[in-house]
Amino acid sequence: MTEQHFSAHARTRTGRSHQGVGHVDEHHDERFTVVGNHLAQHSELSLTAIGLAVHIHSLRSGTLVGIKALAGRFPEGETRIASALRELETHGYLARTKERLPSGRIVTRTISYNKPRTHTAPRSPKPHPEPTRTPTPPPAAPTSPPQPEPPAPARDVLAGLRTHDPRLHLSEQDVRRLAPAVATWLERGVAPDDVQRTLAAGMPKEGVRHPAAFLAHRLTALLPPPLPAARPGPPRPSPLQNCDDCDRAFRAPTPGRCRGCSVAHRALVAAAA
């Protein structure tokens, strides 16, 4: 950015011309900016770009010159100002670079040149070095609890499937994962051989690419319902007893006299009374 000069050689230029512009130059002692004719009379820059460059040259270092800040100062609007800034970048009067601050925020650094830099890359201020941080070790990965040993009958059913069809070869991990589903079949009264025949029946002719996924589907889709609860049967007859008087067999919950002897016994008791 061009510095403001507070003293300059006086140069008065007065005169009138029959055609074109005339000049009346007065000496500036303060608040002035030196602009080269290469900018003021640039043949490829728009008037908006030239005027914007002169305005930026006149600002102090650190003044915000973003699109929104300039649009709030001038009536051209953000679209024309953005286009003018691109013109100045193209012709070497402006350089804008993105920088990341130590806080992680990304800011735009703008550098204004009072002479165009078209062949050399703009030199932007060096970013502040970030403070050295002690690396924090990553948290230890949680260890999964060991899987319980599958029940032996369910394990045998799955491990023996490859004897029915070699395409149903399962890994140890697959057996552990599918064993609970097989145990459900066994709890519902299906014999181990019947489980194997059901799972291996009707295999696709083209085979299966993932035996474990195929069996997991069948174990869910073909799961039989639980067996119905056992209904109570007819009451069982009382056990056989031997009559204490006549030694005749009769059915009764407890030992004693048969019906005939019981009647005779009650009659004798009543007569004696």
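The values are calculated or read from the model by the stated rules, or taken from the named source; none is laboratory data. What you are looking at is a predicted structure, and each value in this text was computed from that prediction instead of being measured. Positions of Cβ are generated from backbone atoms using ideal geometry, with glycine treated the same way; all protein chains shown enter the neighbour counts. Accessible surface is based on the protein model in full, side chains and every heavy atom, while ligands, DNA and RNA are left aside. Shrake-Rupley method; radii C 1.70, N 1.55, O 1.52, S 1.80 Å.
Here are a few things to note about the model shown:
- Residue check for Pro232: free of Cβ contacts under 8 Å to residues at least 40 places away in the same chain and either closer than 30 Å to Cys258 by Cα or over 44 Å from the mean Cα position of the chain (by Cα) (or both): yes
- Of Arg218, Arg236, Arg231, all but one fail to be modelled with pLDDT of 85 or more and of a type outside the set (Val, Ile, Thr); the exception is Arg218.
- Check on Arg123, modelled with pLDDT of 70 or more and either in contact with a strand residue (DSSP E or B) (Cβ under 7 Å, 6 or more places away or on another chain) or open to solvent by 40 Å² or more (accessible area, probe 1.4 Å) (or both): no
- Considering residues of the range 77-107 that are open to solvent by 70 Å² or more (accessible area, probe 1.4 Å) and of a type outside the set (Lys, Arg) only, the residue farthest from Gln41 (Cα to Cα): Ser103
- Selection status of Glu87, more than 16 Å from Gly36 (Cα to Cα), over 41 Å from the mean Cα position of the chain (by Cα), at pLDDT 85 or above and not in a helix (DSSP H, G or I): no
- Single condition Pro153 does not satisfy, out of (1) at pLDDT 80 or above; (2) part of a loop (DSSP other than H, G, I, E, B); (3) open to solvent by 40 Å² or more (accessible area, probe 1.4 Å); (4) under 30 Å from Arg209 (Cα atoms): (2)
- Of the residues in the range 163-170, not one is open to solvent by less than 90 Å² (accessible area, probe 1.4 Å) and of a type in the set (Val, Ile, Thr).
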